[in-house]
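Structure record follows, encoded as structure tokens.
Values quoted throughout were computed directly from the atomic coordinates according to the rules given, and no laboratory measurement underlies them. Predicted model, so just to flag it, every value in this text is computed and none were measured. Note: ideal-geometry Cβ built from the backbone for every residue, glycine included; neighbour counts use all protein chains shown.
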Amino acid sequence: MASVKWLRNIFIIQHQFNGPFQTKDYVYYPYENSDLDKKPVSAINVNSTIQHPLDHSIVNEGLQVIKGIAWTGTGTINEVAISFDDGETWRKASLKYRGNEKYSWVKWHFNREADKGEYTILVRAADSEGNIQPIKPYWNRKGYGL
């Protein structure tokens, strides 16, 4: 992904490819000291991020626009929800689609009247395949998909 190459050929094979990137490098290792249940990274997990306000920002009271992006590797983002009470309750954000583009980033925003105080904002996305972003990422030895 960080080393772009020119594509010259595509070969269709009837078996799993066993190259080093698929068997050792880009692999989810769910256990710290064992290769048991390892599987190749084949799709991006459903994820989202807050772009505004930034962490530890000081903002004025009144109308605040919280915004960010969400993405998935298995379909389309169909919901982004935001929480101000450590995930006890969730409120839907507004999504801005660019047509029906699978696998693309989806912009989202949420308008809120902010009172004086300190807040932690959580965000999570869900996709068309039923995947929901977990509150805490799934641990894996190489840190992929976080």
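Of note:
- Inter-probe distance in nm under a simple model that places probes 7 Å from Cα toward Cβ, at Y103 and N9: 2.2 nm
- Lysine pairs with alpha-carbon atoms under 16 Å apart, the chain, spacing 8 or more or separate chains: 10
- nm² value of the averaged projected area, convex hull over the Cα atoms of the stretch 1-51: 6.3 nm²
- Of all the options G75, G130, G117, the one that moves most in a Gaussian network model of the chain with Cα springs shorter than 10 angstrom is G117.
- When only alpha carbons are used to place a centre, the stretch 120-140 and the stretch 86-116 end up 13 Å from one another.
- Whole-number D in µm²/s for the stretch 60-104 (Stokes-Einstein; Kirkwood sum over Cα pairs; 25 °C, 0.890 mPa s): 196 µm²/s
- Size descriptors for the chain, from the alpha-carbon set: Rg then Dmax equal 18.9, 61 Å.
- Approximate spin-label separation Q22-K92, in nm, with each point projected 7 Å along Cα-to-Cβ: 4.0 nm
- Descending by average beta-carbon neighbour count within 10 Å, the peptides 131-140, 41-50, 7-16 line up as 41-50, 131-140, 7-16, the highest first.
- Projecting the Cα atoms of V65, P134, L7 onto the charge dipole of the chain, computed from C-beta unit charges around the Cα centre, puts L7 farthest toward the positive end.
- Rounded to the nearest 20 debye, the dipole magnitude of the chain is 740 debye, with +1 charges on Lys and Arg beta carbons, -1 on Asp and Glu beta carbons, and the Cα centre as origin.
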